[in-house]
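Below: the structure, in structure tokens.
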């Protein structure tokens, strides 16, 4: 857990101070080439065309990471394993830093520039990102795929878990899923939804703690969050509710103080990003408490 705390901080810092360096390292071009090779050599049929065919692409790199992870775990008091975990989490983070993309949108002066930068916030290709209340849903889903899912699976399975999620996410949303056989692509989508479901549940809990607990809980329940299925649209519903409530409360406070409500440019985007930061801080605070408890114990 200490490794996770350090790795998240390093990933966030590097995304700000060296984005040009991190971008190619997080591009996963090697994975796209590996998928192309498999598609070329297994195009005639066999397991590649089945629902679980993506395992042929994902399992070799994940098992390699797992082998290194296990072999370094007890070497030199675990220090090489810690360094390896930090490197893997930093590379699996992103691929683009969400807060950097949000700031780029807010800093855009021209409509065409803003339009292009809004598209960079999309959690998946083909999703149109428009100004307005829907921005909160876009931000939290992008936060799940760029930050929280990688963090969750790293905590659960170590570096191999982070790599497993990122490779599946890149398969589904990295522009390569159209090259997969239909059954293979359907299997990727199903597995990814189940990997994101527990993350969305924990993010919604953090959102409730960081915002209005009662309203977020009601939105979560109304959107099907209490049902056992892989759909996680409740996260977006909870985010829209939390952001809308916070903006309404700010407007009420301004009116009570005799001030005109000054919401600024794209308040939904600003408030959604603030909520994402609060959720991440809650996750990291809990990790820090667990680390301290482990040291004390």
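I need the full set of residues from region 205-215 which are farther than 14 Å from residue 272 by Cβ and either assigned to a loop (DSSP other than H, G, I, E, B) or touching a residue at least 24 places away in the same chain (Cβ under 8 Å) (or both), in order please. I'd like the intermediate steps shown before the answer.
We begin by selecting, within region 205-215, every residue farther than 14 Å from residue 272 by Cβ; these are 205, 208-209, 212-215.
Selection gives 208, 209, 212, 215.
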Test result for residue 135, farther than 22 Å from residue 240 by Cα, in contact with a helix residue (DSSP H, G or I) (Cβ under 8 Å, 6 or more places away or on another chain), modelled with pLDDT of 90 or more and surrounded by 14 or more Cβ atoms within 10 Å (Cβ to Cβ) | no
Residue hits (region 216-234; surrounded by fewer than 16 Cβ atoms within 10 Å (Cβ to Cβ) and assigned to a helix (DSSP H, G or I)) are 218, 221, 222
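Table: residues versus (1) surrounded by 14 or more Cβ atoms within 10 Å (Cβ to Cβ); (2) in a loop (DSSP other than H, G, I, E, B); (3) in contact with a strand residue (DSSP E or B) (Cβ under 7 Å, 6 or more places away or on another chain); (4) modelled with pLDDT of 80 or more.
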residue	(1), (2), (3), (4)
254	yes, no, no, no
259	no, yes, no, no
264	no, yes, no, no
269	yes, no, no, yes
275	yes, no, no, yes
280	yes, no, no, yes
Are there any pairs with C-beta distances below 7 angstrom linking a residue in region 170-193 that is on the phi > 0 side of the Ramachandran plot and modelled with pLDDT under 90 to a residue that is surrounded by 15 or more Cβ atoms within 10 Å (Cβ to Cβ) and outside any helix (DSSP H, G or I), with the two at least 6 apart or on different chains, and if so which?
-> none
For region 40-65, enumerate the residues that are crowded, with 16+ Cβ neighbours inside 10 Å, free of Cβ contacts under 8 Å to residues at least 12 places away in the same chain and more than 23 Å from the chain's Cα centre (by Cα).
-> none
Boolean, residue 109 is out of contact with any strand residue (DSSP E or B) (no Cβ under 7 Å at 6 or more places or on another chain) and crowded, with 18+ Cβ neighbours inside 10 Å | no
Note down all Cβ pairs under 8 Å where the first residue falls in region 278-295 and is under 17 Å from residue 156 (Cα atoms), the second is in a helix (DSSP H, G or I) and modelled with pLDDT under 85, and they're at least six residues apart or on different chains.
-> 284/5; 287/4; 287/5; 288/5; 291/2; 291/5
Can residue 83 be described as in a helix (DSSP H, G or I) and farther than 21 Å from residue 190 by Cα?
-> yes
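Results for (1) under 24 Å from the mean Cα position of the chain (by Cα); (2) modelled with pLDDT of 85 or more, shown as yes or no for each residue.
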| position | (1), (2) |
| --- | --- |
| 67 | no, yes |
| 72 | no, yes |
| 82 | yes, yes |
| 87 | yes, yes |
| 95 | yes, yes |
| 102 | yes, yes |
| 107 | yes, yes |
| 111 | no, no |
| 114 | yes, yes |
Of all residues in region 2-39, how many are under 21 Å from residue 155 (Cα atoms) and free of Cβ contacts under 8 Å to residues at least 40 places away in the same chain?
-> 2
Those residues of region 19-56 which are in a loop (DSSP other than H, G, I, E, B) and within 22 Å of residue 170 (Cα to Cα), in sequence order = 26, 27, 28, 42, 43, 50, 51, 52, 53, 54
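The values are calculated or read from the model by the stated rules, or taken from the named source; none is laboratory data. It should be emphasised that the depicted structure is a prediction, and the values quoted were computed from it without experimental measurement. Cβ: placed from backbone, ideal geometry, glycine included. Neighbour counts: every protein chain shown.
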